[in-house]
Amino acid sequence: MIRKTRLYTPGPTPLLPAAQFAMAAADIHHRTPEFRALFLKVLAQLKVFVGTSNDVLLLTSSGTGAMEASVTNLTSPGDRVLVLAAGKFGERWVELTKAFGCTVDVLEKPYGQTFTVDEVRAALKPEHKAVYMQASETSTAVSHNVEGVAKLLQGTATLLVVDGITGLGTQTFDVDGWGIDILIGGSQKSLMIPPGLAYLSVSERAWAAMETAKTPRFYFDLRKERKNQAKGETAYTPAVALVAAMGAALDYIAAQADGDLEKGRIALIHNAQTNAKATRAGLKALGFTLFAPDAPSGAATAVAVPEGLDAGAVVTALKTRFRLVAAGGQGAMKGKIFRVAHLGFFDYLDTVALLGAMEHIAKDTLGLKVEYGTAVAAAQKVFAAEAGQ
């Protein structure tokens, strides 16, 4: 029997065919008028995709490179910062800020939970140079209240830096209205292309802070990149093929709304949120417990397996039987949860396929009492309601 590989991981995500074609055809040098035109077009599109009037820079790196840049460019050794950590990637902020000599206060919550505005308010100090947080904590599939934290910081000197790597394209941000100083994205998530590019919006407050920041930096010197990228160039050799792919992906998103990229972004977010709701409904109908029911992410769903079972068995069975690649738990959650994604190049029929496979796994691998069609029917009802049918 034919089995196609299907990727349901929250990064890398399934590749957009048009982006793959663009990569294959991207035989151009980066110091040419042709590349400069492409690069400036992509930077302008990214501003619309992020939803900001601020500068947006594109870096050849993973998202962690942009995270590092937001520490080295904004802080000096000894600066006090606040990190909101409730998962593996929140812990990465802790590691990064400590690595560059910051004095780090950590507001920590157990995996699967989020922070209340009152908890953040109580942890904030006037001397905090910046707050570092996730929008969507990919390791636990939890969505954090970026808007609430941003409002706490309005009128203060504290900068807000948000890892939106799986948040962009799956949830709504009002970057300028809320006052997000840096918002970070990654190419391998909602933009449907391979890993290798990070992008970030940078506010005027953040640019001003860079004038006094004393942490050493070289490759990730954002002021250097700003100067070069305004002219359609990068300070160092860019991933040319990935830039071409990103342009194709942004064109595709715009095409979903008759060429309007802003409306296309809204549609992309609605698509992720609808597939997330449908997936959660289907898995609950099978008797699974959602790991983060109170603040679920639109990027991915984390699922706890029944007591005494290993979530890794679900991931292995999905791949062995159906060539469906899901993600296991990370860090402390390894073996306790599995995760399936909804961001980027996923549609409703991908969700139906996943849930159909999960019915077999629940019945045959986990020994649950399952009626075929249960999960799919639950998802169909969600889809019909979202479509107004």
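The values are calculated or read from the model by the stated rules, or taken from the named source; none is laboratory data. Owing to the predicted nature of the structure, the values given are computational and were not obtained by experimental measurement. Cβ sites come from the backbone with ideal geometry, for glycine too, and all protein chains shown count toward neighbours.
Within the option set G308, G298, G282, being modelled with pLDDT of 95 or more, among the small types (G, A, S) and part of a loop (DSSP other than H, G, I, E, B) holds for one residue only, G298.
Number of residues in segment 189-207 that are crowded, with 24+ Cβ neighbours inside 10 Å and part of a loop (DSSP other than H, G, I, E, B): the value is 5.
The condition of being over 21 Å from the mean Cα position of the chain (by Cα) and either farther than 17 Å from T97 by Cα or in contact (Cβ under 8 Å) with a residue 40 or more places away in the chain (or both) holds for only one of L191, L153, L183, L197, that being L153. Filtering V48, V71 for residues that are in contact (Cβ under 8 Å) with a residue 40 or more places away in the chain, hydrophobic (A, V, I, L, M, F, W, C) and surrounded by fewer than 21 Cβ atoms within 10 Å (Cβ to Cβ) leaves a single hit, V48. Annotation note: Cβ proximity below 9 Å between a residue of segment 275-290 that is free of Cβ contacts under 8 Å to residues at least 40 places away in the same chain and more than 18 Å from G112 (Cα to Cα) and a residue that is in a helix (DSSP H, G or I) and among the small types (G, A, S) (sequence gap 6+ or interchain) occurs for no pair. Taken as a whole, the structure places D163 among residues that are under 16 Å from L74 (Cβ atoms) and either out of contact with any Lys or Arg (no Cβ under 9 Å at 6 or more places or on another chain) or crowded, with 24+ Cβ neighbours inside 10 Å (or both). Here T279, T274, T316 are screened, and the one residue that is β-branched (V, I, T) and surrounded by fewer than 19 Cβ atoms within 10 Å (Cβ to Cβ) is T316.
Take the conditions without any contact (Cβ under 8 Å) to a residue 60 or more places away in the chain, buried (at least 18 other Cβ atoms within 10 Å of the Cβ) and among the basic types (K, R) and apply them to K98. Does it pass? Against the criterion (without any contact (Cβ under 8 Å) to a residue 60 or more places away in the chain, buried (at least 18 other Cβ atoms within 10 Å of the Cβ) and among the basic types (K, R)), K98 does not qualify. Listed by first and then second residue, the pairs with beta-carbon distance under 7 Å, at least 6 apart or on different chains, first residue in segment 219-236 and part of a loop (DSSP other than H, G, I, E, B), second basic (K, R) and at pLDDT 95 or above, are G232/R36; E233/R36; A235/K224. Annotation note: Cβ proximity below 6 Å between a residue of segment 158-170 that is on the phi > 0 side of the Ramachandran plot and a residue that is surrounded by 24 or more Cβ atoms within 10 Å (Cβ to Cβ) and assigned to a loop (DSSP other than H, G, I, E, B) (sequence gap 6+ or interchain) occurs for G169/S190; G169/L343. Cβ separations smaller than 6 Å between residues 6+ apart or across chains give the following pairs from segment 346-366 residues that are under 17 Å from A378 (Cα atoms) and among the hydroxyl-bearing types (S, T, Y) to residues that are at pLDDT 95 or above and crowded, with 16+ Cβ neighbours inside 10 Å: Y348/F383; T351/N275; T351/A278; T351/T279; T351/A379. Residue check: G388 meets all listed conditions (1) without any contact (Cβ under 8 Å) to a residue 40 or more places away in the chain; (2) part of a helix (DSSP H, G or I); (3) not charged (D, E, K, R) but one, namely (2). How about segment 153-169: which of its residues are within 17 Å of A209 (Cα to Cα), β-branched (V, I, T) and either in contact with a helix residue (DSSP H, G or I) (Cβ under 6 Å, 6 or more places away or on another chain) or outside any loop (DSSP other than H, G, I, E, B) (or both)? Correct list: V161, V162. Looking across segment 170-184, the residues that are in a loop (DSSP other than H, G, I, E, B) and either buried (at least 24 other Cβ atoms within 10 Å of the Cβ) or not small (G, A, S) (or both) come down to T170, T172, F173, D174, I180, D181.
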